[in-house]
Amino acid sequence: MIKGILEIITFRNDDNGFTVARLQESEKAKGDLTNIVGHFPGVNVGSTLELSGLWVKDSRHGRQFQVKDYRILKPNTLNGMERYLGSGLIKGIGPKFAARIVGTFGLATLDILEEDPDQLKQVEGLGKKRIGQIKKAWHEQKGIHQVMVFLQSHAISSAYAVKIYKRYGARALAVVKENPYRLAEDIWGIGFRIADRIAKSLGIAVFDERRARAGLLFALNEATNDGHCYLTMEELLRLCHKLLDPDNEYSGQEAVLEKTLPQLVTDNRIVLEEDRIYLAPLFFAESGAARNLLAISGHGSFCPDLQVDSALDKAEKRMKIHFAKEQVLALKTALQNRFSIITGGPGTGKSTILKALILIVEAKGIRTQLAAPTGRAARRLAEACGREAKTIHRLLEYDPSIQGFKKNSDNPLAGDLIIIDEVSMMDVILANALFRAVAPGASLLLVGDADQLPSVGPGNILRDCIDSAVIPVSRLTQIFRQGRGSLISLNAIRVNQGKFLELLPDYRGEKDFYFIQRQEPAAIEEEIVSLCRKRLPKKFGFDPFRDIQVLTPMRKGLIGADNLNRGLQDALNPIASSSIRTGGFFRINDKVMQIRNNYDKDIFNGDLGYVMAADQEDQTLAVDFEGRKVVYESGDLRELVLAYACTVHKAQGSEFPCVILPIHTSHYPLLQRNLLYTGMTRGRKLVIIIGTKKALAIAIRNNRVVRRNTRLKERLRS
């Protein structure tokens with residue numbers, strides 16, 4: 001057993017509480033720190049700990065103490081007390097005020113906070129407002145501590161204690177004990193498995209209907225993460241059986257599930273349509289999207305009195321270009337239909353068509369509105385067209401107070417022509433909200449690349465609309481943007497055709513596409529860090545933070561996004577004496593990504609930003625999202641991840657001057673042609689693939705598009 005003060009947290013996994021840290025043992029000289037590893041969630045820097053476990057020798061990190069059990073002790077030294085209070089435990093007290101409070105009250109500090117916090121007014125600089133903030137935070141901390149102790153007794157990470165307490169307040173423990181499965185439904189980040197672990201430890205039976213209900217909803221929600229709008233009865237029961245009874249220990253589980261389904265229908269949580277089971281919001285979104293699209297397309301031609309050929313001639317003269325045949329057909333289709341689609345890869349002239357279309361219709365007094373699913377895609381659209389473009393959420397005016405959009409069928413969009421870019425990224429929920437807000441008589445043009453990955457959320461809007469064969473579609477194939485010598489464009493075409501990359505070793509001049517062969521994941525990781533830290537900035541002048549983006553197929557593994565981010569953070573933004581560490585282990589200047597729509601903050605899944613400041617006293621983190629400052633409290637930091645590297649899926653709709661793409665057989669489950677194509681086409685000036693030719697060949701050959709359970713195509717046809 002060892003005792004000491006936690007000095008440094010090197011790494012913590014918030015999902016399971018696994019922590020790597022350094023401890024100042026009570027009996028050791030100051031600065032002689034002990035490496036400790038284990039699961040001890042919810043412990044802050046400055047905490048005094050009593051640890052039991054065993055000593056081990058790690059091949060990479062040397063001698064370390066492997067923690068089996070731990071106990072948080074009340075600090076018994078002035079330094080320990082100061083570190084404890086200044087660790088971020090209480091909002092409003094950071095290192096500066098912790099030193100002043102302990103300097104005033106000494107070892108009686110915690111007693112003062114507990115019994116007579118008004119005495120804090122004796123501390124220099126603590127005003128009435130901050131004292132009120134500290135009193136509130138101390139009270140909350142006690143409630144959170146109760147939840148934390150309860151969760152720890154059931155082997156659950158205390159990282160969830162704050163969320164649970166904020167959601168239920170003083171009722172938190174009562175709610176958890178009465179029905180722990182509510183956590184899975186009510187709190188983002190807590191899934192069925194965590195709730196089930198608590199339920200089992202509380203003695204809830206495996207056949208309890210609360211468990212069956214939670215399992216059914218969890219299975220349907222998990223299916224949406226794979227892009228499905230529904231599951232068949234067979235698929236749902238199979239998933240639930242695997243979830244609820246993986247070892248086939250019980251009989252009759254299916255009967256409990258089938259008994260629970262009608263209650264979920266009665267509660268309006270699910271909809272049964274023949275053999276298909278939908279979560280209710282997805283059913284109404286899919287059927288509503290089809291109904292609204294058909295209503296838009298049924299209003300006749302777009303500009304019945306427009307002399308199309310004459311308008312195209314005028315547009316060519318104003319833009320000083322000559323439209324290719326494909327572009328002419330696309331413009332005519334868009335002008336002659338209320339609803340149409342333009343699809344094509346990067347550089348095929350989509351932006352040119354949109355600029356020409358806007359010139360033509362605005363000359364007729366027709367109002368246009370432009371939007372895209374993400375902020376980066378919207379900015380690209382605005383730059384390309386020379387007009388304002390918004391995110392779809394901002395176009396529809398999301399209002400957190402009503403948890404919905406202000407723009408809808410009763411208050412439609414003002415535009416006569418609504419142009420939406422990067423439609424492959426749009427899920428069915430957002431699509432339905434958009435289509436519902438198009439005014440009667442207005443027109444809709446959807447633009448996107450049908451060969452890209454589909455949306456992260458449920459549905460396959462662009463592909464389903466195209467495959468329905470009831471909507472006019474313009475397909476663009478001719479490359480215009482990059483020069484004829486561009487290997488990015490050439491290889492994008494080759495990949496789509498199922499051909500191996502053209503690497504052209506004798507290519508003259510500077511290439512815009514490189515393949516670096518490395519066999520082992522560790523060598524690939526080392527190559528990526530070397531390129532980002534020195535070689536690419538030196539050779540091409542790229543800013544490693546803003547110009548270079550590492551894209552990878554997966555989050556996990558040595559060359560997954562999570563591990564690459566840790567390595568790139570240390571290489572590009574190492575800890576300095578002035579660095580401020582937060583509970584999420586972000587550093588000033590770190591590149592970060594929002595991973596969840598946060599309507600209150602007006603920040604959405606996939607938005608990229610940079611950490612600009614951290615306040616240890618208020619426990620807040622400020623992030624710059626394209627010139628807009630957004631402040632995160634400690635409880636919101638789970639919505640942020642490092643973004644030096646991200647998955648290809650998360651990069652949809654974005655372009656970067658330079659893209660580095662590791663492709664290795666360890667990525668086998670996700671080696672697909674559309675993933676490789678999507679990753680390559682995110683690069684504007686330079687693309688570097690690092691990995692093995694075998695992995696590339698697997699990805700190029702694998703043109704099997706993962707089927708999504710959607711019925712938008714059939715609904716449009718009917």
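Assorted remarks:
- Residue satisfying all of: in segment 284-327; over 15 Å from LEU357 (Cβ atoms) and among the basic types (Lys, Arg); modelled with the highest pLDDT among these: ARG291
Rundown of residues vs (1) buried (at least 24 other Cβ atoms within 10 Å of the Cβ); (2) among the hydroxyl-bearing types (Ser, Thr, Tyr), yes/no style:
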residue	(1), (2)
ASP416	no, no
SER424	yes, yes
VAL428	yes, no
ARG436	no, no
ALA439	no, no
SER443	yes, yes
GLN452	yes, no
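- Residue match in segment 365-378 (condition: surrounded by fewer than 20 Cβ atoms within 10 Å (Cβ to Cβ) and either free of Cβ contacts under 8 Å to residues at least 40 places away in the same chain or among the aliphatic types (A, V, I, L, M) (or both)): yes
- Looking at segment 222-323, the strands (runs of 3 or more DSSP E) lying wholly inside it that each contain 1 or more residues that are farther than 30 Å from ASP416 by Cβ and among the hydroxyl-bearing types (Ser, Thr, Tyr) sit at 230-232, 276-279.
- Unique residue being part of a helix (DSSP H, G or I), out of contact with any Ser or Thr (no Cβ under 9 Å at 6 or more places or on another chain), in contact (Cβ under 8 Å) with a residue 40 or more places away in the chain and of a type outside the set (A, V, I, L, M) when the list is ARG167, ARG197: ARG197
- Residue list for segment 223-237, restricted to those being among the charged types (D, E, K, R) and at pLDDT 90 or above: GLU234, GLU235
- Subset of segment 199-220 that is more than 27 Å from the chain's Cα centre (by Cα) and of a type in the set (A, V, I, L, M) - its residue that is surrounded by the fewest Cβ atoms within 10 Å (Cβ to Cβ): ALA205
- Residue tally, condition crowded, with 21+ Cβ neighbours inside 10 Å and either without any contact (Cβ under 8 Å) to a residue 12 or more places away in the chain or out of contact with any Gly (no Cβ under 9 Å at 6 or more places or on another chain) (or both), over segment 589-613: 3
Matching residues to (1) surrounded by 14 or more Cβ atoms within 10 Å (Cβ to Cβ); (2) among the hydrophobic types (A, V, I, L, M, F, W, C); (3) within 16 Å of GLU185 (Cα to Cα):
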| site | (1), (2), (3) |
| --- | --- |
| GLU222 | yes, no, yes |
| VAL256 | yes, yes, no |
| PRO262 | no, no, no |
| GLU274 | no, no, no |
| PHE283 | yes, yes, no |
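- Scanning segment 495-540 for residues that are within 27 Å of GLN452 (Cβ to Cβ), modelled with pLDDT of 90 or more and either of a type in the set (Lys, Arg) or open to solvent by 100 Å² or more (accessible area, probe 1.4 Å) (or both) yields LYS499, ARG518.
- Any pair with Cβ under 6 angstrom, 6 or more apart, that starts in segment 225-243 at a residue that is more than 21 Å from ASP208 (Cβ to Cβ) and ends at one that is acidic (Asp, Glu) and open to solvent by less than 40 Å² (accessible area, probe 1.4 Å): CYS229/GLU286
- The number of residues in segment 380-425 that are under 13 Å from SER351 (Cβ atoms) and assigned to a helix (DSSP H, G or I) comes to 6.
- When ALA324 is tested against (1) touching a residue at least 24 places away in the same chain (Cβ under 8 Å); (2) within 38 Å of the chain's Cα centre (by Cα); (3) more than 22 Å from ASP464 (Cα to Cα), exactly one condition is not met: (2).
- The listed residue being in contact with a helix residue (DSSP H, G or I) (Cβ under 9 Å, 6 or more places away or on another chain), more than 29 Å from GLY459 (Cα to Cα) and among the small types (Gly, Ala, Ser), out of SER654, SER718, SER634: SER634
- Of residues in segment 379-403 being exposed (fewer than 14 other Cβ atoms within 10 Å of the Cβ) and among the small types (Gly, Ala, Ser), the one modelled with the lowest pLDDT: SER401
- Of all the numbered requirements in (1) more than 13 Å from VAL447 (Cα to Cα); (2) open to solvent by less than 10 Å² (accessible area, probe 1.4 Å), ALA324 misses one, and that requirement is (2).
- Considering residues of segment 122-162 that are in contact with a Gly (Cβ under 7 Å, 6 or more places away or on another chain) and modelled with pLDDT of 80 or more only, the residue farthest from PRO180 (Cα to Cα): ARG130
The values are calculated or read from the model by the stated rules, or taken from the named source; none is laboratory data. On a predicted model such as this, the values are computed, not experimentally measured, just so you know. For neighbour counting, all protein chains shown are included, and Cβ atoms are generated from backbone atoms with ideal geometry for every residue, glycine included. In case anyone asks, the SASA skips ligands and DNA or RNA and just uses the protein heavy atoms, side chains included. Shrake-Rupley method; radii C 1.70, N 1.55, O 1.52, S 1.80 Å.
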